[in-house]
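Here's the structure, in structure tokens; my notes come after.
The values are calculated or read from the model by the stated rules, or taken from the named source; none is laboratory data. This is a predicted model, so every value here is computed, not measured. Cβ coordinates were reconstructed from backbone atoms using ideal geometry, including for glycine residues, and neighbour counts include every protein chain displayed. The accessibility values were calculated without ligands, DNA or RNA, using every heavy atom of the protein model including side chains. Shrake-Rupley method; radii C 1.70, N 1.55, O 1.52, S 1.80 Å.
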Amino acid sequence: MSFTIAIDGPAAAGKGTISRAVSEHFNFAHLDTGLLYRAVGARMLGGEDPTRAAETLEITDLERDDLRSPEVAQAASKVAVIAAVRAALVDFQRAFARRSGGAVMDGRDIGTVICPEAEVKIFVTASAEVRATRRFLELTGKGSVGTLDEVRARDERDMTRVEAPLKPADDAVLIDTTTLGVDEAVAQVLALVQARLDG
Ligand code: DC
């Protein structure tokens, strides 16, 4: 059985935390697609052409320990505007999404571009101020999200790019974690997925 849950949204809105909780609850595989762009960004900072880096990306690139730094986050957002970079990463993401046993995919364009047929689509958002001051990303090993200016710069780039801009799919359920606690947000998503699984 394949069953895809698409969880999109801006940095530090809580999609990683929600995705991990949902994948554990249903025993689905989880792919943090931001890691792919971070790995390409890290290789670009090392002097490589980003398109070539995306085309030759390897699993070991995803295990680098510098992927969570604010510098790599900005580099990821910069390489993510390049159409050829995005194109090189599509097949891997779609194959992961359709693996048997279910998959949770978190990113920016999963519900709109990578998996428009996903069984469940969620868009997690929160105000930029709240996201910039959130510490739970650091606590869960996601690294620092950066300053308010950095968060805003990345949002702006991610939302205004031509290729696969960050935006909710028309049929996505919006979850705003500005005031909602993580537990409540997770409970809402679990209920949505369970309802879809029950048909
Ligand atoms: O989710 P993240 O913060 O690790 O993502 C880092 C950058 O990668 C983000 O600013 C934009 C890009 N990205 C993307 O364009 N599409 C995705 N599906 C995931 C991330």
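Would you calculate the separation in nanometres between label points at Leu174 and Ala95, each defined as 7 Å from the Cα along the Cα-to-beta-carbon direction?
Calculated label separation equals 3.7 nm.
Per-residue HN-Hα couplings for segment 166-175, Karplus 6.51 cos²θ - 1.76 cosθ + 1.60 at θ = phi - 60°, whole Hz, x for Gly and Pro?
Couplings: 5, 6, x, 5, 4, 9, 7, 8, 8, 10 Hz.
Residues with amide H under 5 Å of Ile175's amide H, sequence separation 5 or more or different chain, H placed in the peptide plane at 1.01 Å from N; which?
Amide H to amide H, under 5 Å and 5 or more residues apart or across chains, Ile175 pairs with Phe123, Val124, Thr125.
So what is the accessible area of the chain per residue, in Å², with the probe set to 1.4 Å?
For the chain, the solvent-accessible area averages 46 Å² per residue.
Can you list the residues of segment 59-75 with backbone N under 14 Å from a point 7 Å past the Cα of Ala153, pointing along Cα to Cβ?
Under 14 Å, as judged by backbone N against the label point of Ala153, lie 70-75 of segment 59-75.
With a/c under 1.5 counting as rounded, go ahead and sort the chain into rounded, prolate or oblate using the C-alpha gyration tensor (a ≥ b ≥ c being the square roots of the eigenvalues; past the cut-off, prolate if a/b is larger than b/c, else oblate).
oblate
Less than 15 Å Cβ to Cβ from Glu55, Lys/Arg counted +1 and Asp/Glu -1: what total charge do the surrounding residues give?
Around Glu55, the charge tally is -2.
I'd like to know how segment 42-106 sits against the 2.2 N^0.38 Å rule of thumb: what's its Cα Rg over that expected value?
The value comes to 1.18.
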